[in-house]
Amino acid sequence: MARLWEWETGLLVCPGFEHKDEVRDTCFTPDQRWIFTLGADGTICAWESRTGKGIMPPLSVPGPFSPDIRNFMITSDGKYVAVPCTNGFDVCDITDTGLARFDKLDLVGLQLLAEIYSGRRIVASGTVKLTTNEWLERWRLLLSRPESVSVEAEWLLAPLGVSSRPAEQSGKKESGSDDKTPKVWDASSAQAQVEIWRGLGALCATQGNLEQAIADYSAVLRLHPDDQPALVARGKLYGRVGRWQEALADLDRAIALDPSDHWIWFIAGPLRLRLGDTAGHRKFCRDFSARFRETDNPLIAERIAKICLLVPDAVEDRKMPARLAQQAVMASTHPELAWFQLAKGMADYREGQFASAIQWLRESHAAAGGLGELQATDNLFLAMAHYRLGETDQARKSLAEARRTLETLPPANGASDWGDFWNDLLMCRIVQAEAESLLAPSGISLPPAEHSGKKEK
């Protein structure tokens, strides 16, 4: 639902403009009589601004309509609406509700889009076709010379999904964001450049261009060293490419700036162990649990417990992670229940309750739903619990199954990309080292991994 208020009084002008899905953007026509709205359902609707009455059937954007598109544009004469799509632009002639595709931006299309966005025309000749990477490079060139951020830069915003429409006669740009707040930017300001660099980084990350995304977030941090979202984003990317020390530095800094976000603590949780800093991990567990241990959120309880149970004796109060794990599994209808059951199995194993641990780990494994990192961690703790009970044959089978699963998970084939869930995989590898160290001295021989072409040592 989009709503319209009178600026000076704060009074609601009309009931609202309703879509079947999230409203992504709104545009007034120049005379303020009509409002166009873009919905996440891939439709554009037109309304009388004073009554909220629809003035024509919804226009269906043929697409392919990207769910990431957050903005659209309207010409200063009120005749055209343009929506950036995955392969170009959809341009609607409002006068006859015709919709045309600009997969290639010819001279007319290029000028149209410039006029839609800024009210000015760009001098160009021939046929222009810019790939996504070319759009990005044009942006980086413009940002490296801030004085050149001009009309050309303005229409380049569209393919990035950055809403930044000129405010009337103000020289400023207004935008919306996922934090549910409207913002106004001076287009030449450092903060506007921060927003654009951050958008570039996010887009490159979704495309898998991880090193370039890291470079773009680094540009944000050169302008604003305490930009916490950029620190978190870059820290996660450093982790994804296995640059553990740099990931830890960024995430630690992000925690220092805002220690209230448990998710940042959680993704940073296994990094010290990966770097061999056991004493640092124990201090981290004390700080993490001290801040959040009184939570009534089962997700936070599970994450604290899991980080504190990764290795033996990580915390002095061994009952604390066990209590939090028990609190988590009480949320029996939670969609993350399989992870909660893993944490409970880990807690029982650390407490020496091996038979109970096996029961919880089996339930977790059965509910894992193909999540390889969850299944592998289940099997690693199962292997250790069976071994502690003297069930060496079952321990051997569980460890072999964990190894087979891990061979299917990132990083694979020499790649450096650990994937989006690298912190879960990192925890799994830490537990793997403990399980293999426990079972190896007993002389348990492990079968070769199946279908991998590899042999176990």
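A short reminder: the numbers here are calculations on the coordinates, not readings from a lab. What you see is a predicted model; the values in this text were computed from it and never measured. Cβ coordinates were reconstructed from backbone atoms using ideal geometry, including for glycine residues, and neighbour counts include every protein chain displayed.
Pairs over the 24 Å Cα-Cα cut-off, from the set Lys236/Lys283; Lys236/Lys319; Lys236/Lys397: Lys236/Lys319; Lys236/Lys397. Taken one residue at a time, the phi angles of segment 254-261 give Karplus couplings (6.51, -1.76, 1.60, θ = phi - 60°) of 5, 5, 4, 6, 8, x, 8, 8 Hz. Gly and Pro are set to x.
Classified by the C-alpha gyration tensor, segment 317-385 has an oblate form. Its axis ratio a/c, with a ≥ b ≥ c, is 1.5 or above, and a/b does not exceed b/c. Taking other C-beta atoms within 10 Å as the exposure proxy, Leu439, Leu221 rank Leu221, Leu439 from fewest upward. Phi-derived couplings, Karplus 6.51 cos²θ - 1.76 cosθ + 1.60 at θ = phi - 60°, listed residue by residue for segment 296-313: 10, 8, x, 5, 5, 4, 5, 5, 4, 4, 5, 5, 6, 9, 4, 10, x, 6 Hz, with x used for Gly and Pro. Working value for segment 350-417: equivalent-ellipsoid semi-axes of 24, 13, 9 Å, each the square root of 5 times a Cα gyration tensor eigenvalue, largest first. 3J(HN,Hα) couplings calculated from phi for segment 203-210 with the Karplus curve 6.51 cos²θ - 1.76 cosθ + 1.60 (θ = phi - 60°) are, in sequence order, 5, 5, 5, 5, 7, x, 8, 6 Hz; Gly and Pro show x. Between Asp226 and Glu294, the C-beta separation translates, for a Förster distance of 30 Å, into a calculated FRET efficiency of about 0.60.
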